[in-house]
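Here's the structure, in structure tokens; my notes come after.
The values are calculated or read from the model by the stated rules, or taken from the named source; none is laboratory data. Model, not experiment: these values are computed from the prediction. FYI the Cβ positions are ideal-geometry reconstructions off the backbone, even for glycines, and counts take in every protein chain you see. The area values use the complete protein model at the heavy-atom level, side chains included, leaving out ligands, DNA and RNA. Shrake-Rupley method; radii C 1.70, N 1.55, O 1.52, S 1.80 Å.
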Amino acid sequence: MPAAFPLAIVIVSGIVYHVAQKASGAARPWPMLAVAYGSAFALTLVLALASRDAAPWPAGRERAAGLLLGLAAFGIEAGFFFIYRSGWPLASASVIASAAVTATLVVVGILAFGEPLTGSRAAGLALAVVGSALIARG
């Protein structure tokens with residue numbers, strides 16, 4: 001699989017995700033999220049069963065990571081639901097949230113995973129923060 005393909009999936013899915021969240025107009029998040037997670041579960045189950053990988057279902061640390069991933073995904077989904085319903089513009093809510101997540105992950109990457117903070121990464125982070133601040137100003 002070409003290295004750009006997973007990135008393209010994330011970008012296209014992110015665009016569809018935010019447009020669908022903003023455009024849904026749903027007044028209640030829970031039924032909408034039930035449909036979203038039901039469809040994601042069905043697709044994931046089909047892919048897992050069709051996979052040629054004979055590995056068993058996750059246990060121990062992998063299962064814990066999967067549970068955390070599910071809880072985090074739920075928090076992101078519910079959070080954006082309420083952000084958009086409270087009137088945040090599509091053009092700024094995602095950018096501001098992403099910049100805050102990025103800044104935090106730079107620190108986590110350095111402290112927890114020993115990733116280097118290069119000059120170009122620091123400059124890029126500063127530009128992202130300044131850019132999101134400009135977008136937030138409208």
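Values computed for the structure shown
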{"read-out": "Spin-label model distance (nm) - A4 vs L111, 7 Å beyond Cα toward Cβ", "value": "3.7 nm"}
{"read-out": "Heavy-atom accessible area ranking, 1.4 Å probe, most first, across W88, W30, W57", "value": "W57, W30, W88"}
{"read-out": "Trypsin sites (Lys or Arg not before Pro) restricted to the stretch 14-107 and DSSP loop, no more than 15 other C-beta within 10 Å", "value": "R52"}
{"read-out": "Two-site FRET efficiency, A23 against V130, from Cβ-Cβ distance with R₀ of 35 Å, rounded to 0.05", "value": "0.75"}
{"read-out": "Gyration tensor (alpha-carbon) shape descriptor, the stretch 6-92, a/c threshold 1.5", "value": "prolate"}
